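Comments concern the structure below.
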Amino acid sequence: MKHHRILATAGHVDHGKSSLVTSLTRTAMDRLPEEKKRGITIELGFAHMDIPGQNPGEPDWSIGIIDVPGHENFVKNMVAGVGAIDMALLVTAADDGWMPQTEEHLQILEYLGVQRGLIALTKSDLVSQDDLQMAIEFIREETSGTFLESAPIIPTSIKDHRGIDQLRASIRDLLQQAPPPEI
């Protein structure tokens, strides 16, 4: 039996949301000529990912993924994308850190009542282990008191696929803990 859920990305422009979704799903997110030309997401992108249950008797998951723009000029599109989701994937780049749209997107998710999520620390291949640890600690400080305060933080890299399998497993684990959707 398959359970269906919706996950949306959130985070600052150029922190790798679209690339991460592409790595997870093998679906190219930026499809419009203007997006390709500017190298940023403008419109919502959509992808699908199946995650099998880990043990016998656990459900398989069919996950619709909404990739939202991170640029401040497209925050209305971001809000449209996260209006009715089951969980959020907050994306922060290890080499850039917590930025204004990271904070704004987290506030929007909080305001909309999102209750489940996890954090991908992208571009982890571009920083030292010490800097990576400092980034994780800073994220913990910034998410304190929010629905993400004890969320998994998974360092990832699309260059060497570091953390991608762990991210999939963490998504599955989070879904296993979620209550059934309201009908």
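Readers should treat all values here as calculations from the given coordinates under stated rules, not as data from a laboratory. These numbers were taken from a predicted model, which means no experiment stands behind them. Methodologically, a virtual Cβ is constructed for each residue, glycine included, from the backbone with ideal geometry; neighbour enumeration extends over all protein chains shown.
Add +1 for every Lys or Arg and -1 for every Asp or Glu among the other residues with Cβ under 13 Å from the Cβ of Leu175, and state the total. List each step's numbers first, then the result.
Working: positive: Lys2, Arg5, Arg116, Arg168, Arg172; negative: Asp50, Glu58, Asp60, Asp86, Asp173.
So the environment of Leu175 carries a net charge of 0.
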Which order do peptides 132-144, 105-117, 15-27 fall in by mean Cβ count within 10 Å, highest first?
15-27, 105-117, 132-144
Run the quick spin-label model on Glu137 and Asp165: label points 7 Å from Cα toward the beta carbon, then report their separation in nm to one decimal.
3.0 nm
Could you work out how far apart the two model spin labels at Leu112 and Glu58 are, taking each label as a point 7 Å from the Cα in the direction of the beta carbon, and quote it in nm?
2.7 nm
